[in-house]
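Participant: Provided herewith is a single structure, encoded as structure tokens, for subsequent inquiry.
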Amino acid sequence: MIRLEKFTADDFEQFINWMDTEKFMYQFGGASFTFPVTVEQLSNYLADTTHRIYRVVDAGTDKVIGHASISHLNVKNKSARLCRILIANEQDRSKGYGRQLIRALLKICFEELVLHRVDLGVFEFNKAAIRCYQSCGFRIEGTLRESFVMDDEYYSVHNMSILDREYATLTTSN
């Protein structure tokens, strides 16, 4: 089991250590940060009140294993975007933490914030993340073809979304 806790300045050093390559940083956060990530960048990120920023904690060990944020909250349209989703270490992946994380974020979005729509972007090559998001009810609604360049190579990004009624169906069937 995981729990979400508020991301604070105390988390900066670990976060910076996780972003050990430019490619990994881009896969995690797109153009949100520049490499190498600095305390100043994270201070600005934390100060931006348009994000709800979380550290992901393994509830059994109290170890911080990841990061996530809810961003682009639009009150009028009752929508938001999940961003910067990360289970940081390879040994913590493929254990169900990702699904738990997405479900916890969706619970906040649909039950606390009472949103209608939640979306996210994911690189087309990140098959494990796509499967995770689909298992949590997200659908691919479009692809931004070759919209992001890393190491002189273009990559496509899927936009995925879930609506409140789809979430309600998932939660009543579990």
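The values are calculated or read from the model by the stated rules, or taken from the named source; none is laboratory data. Just so we're clear, the structure is a prediction, and the values are computed from it rather than from any experiment. Using ideal geometry, Cβ is built from the backbone for each residue, glycine included, and neighbour counts are taken over all protein chains shown.
Participant: Determine which single condition Val149 fails, assuming it passes every other condition in (1) in a strand (DSSP E or B); (2) at pLDDT 95 or above; (3) among the aliphatic types (A, V, I, L, M).
Facilitator: (2)
Participant: Within the set of pairs 6 or more residues apart or between chains, which connect a residue that is within 18 Å of Val118 (Cα to Cα) inside region 42-54 to a residue that is part of a loop (DSSP other than H, G, I, E, B) and not aliphatic (A, V, I, L, M) with Cβ atoms less than 6 Å apart?
Facilitator: Close Cβ pairs satisfying both conditions: Ile53/Phe7; Tyr54/Phe7.
Participant: Moving on. Could we say that Phe28 is aromatic (Phe, Trp, Tyr), part of a helix (DSSP H, G or I) and either farther than 25 Å from Cys109 by Cβ or at pLDDT 95 or above (or both) here? Talk me through it step by step, then tell me what you get.
Facilitator: Working: aromatic (Phe, Trp, Tyr): yes; part of a helix (DSSP H, G or I): yes; either farther than 25 Å from Cys109 by Cβ or at pLDDT 95 or above (or both): no.
It is false that Phe28 is aromatic (Phe, Trp, Tyr), part of a helix (DSSP H, G or I) and either farther than 25 Å from Cys109 by Cβ or at pLDDT 95 or above (or both).
Participant: Which of the residues that make up region 31-44 are at pLDDT 95 or above and within 17 Å of the chain's Cα centre (by Cα)?
Facilitator: Result: Leu42, single match.
Participant: Another one. Please work out which one of (1) surrounded by 15 or more Cβ atoms within 10 Å (Cβ to Cβ); (2) at pLDDT below 95; (3) closer than 19 Å to Tyr26 by Cα is the condition Asp92 fails and give its number.
Facilitator: (3)
Participant: While we're on this one: Just to verify a result, which residue in region 1-25, among those that are of a type in the set (Phe, Trp, Tyr) and at pLDDT 95 or above, is farthest from Lys95 (Cα to Cα)?
Facilitator: To start, the set of residues in region 1-25 that are of a type in the set (Phe, Trp, Tyr) comprises 7, 12, 15, 18, 24.
When the remaining residues are screened for being at pLDDT 95 or above, the result is 7, 12, 15, 18.
On the way: Phe7: 22, Phe12: 25, Phe15: 21, Trp18: 19 Å.
Per the criteria, the residue is Phe12.
Participant: Looking only at region 34-44, how many residues end up being surrounded by 12 or more Cβ atoms within 10 Å (Cβ to Cβ) and either under 24 Å from Cys109 (Cα atoms) or touching a Pro at 6+ places or on another chain (Cβ under 9 Å) (or both)?
Facilitator: Count: 1.
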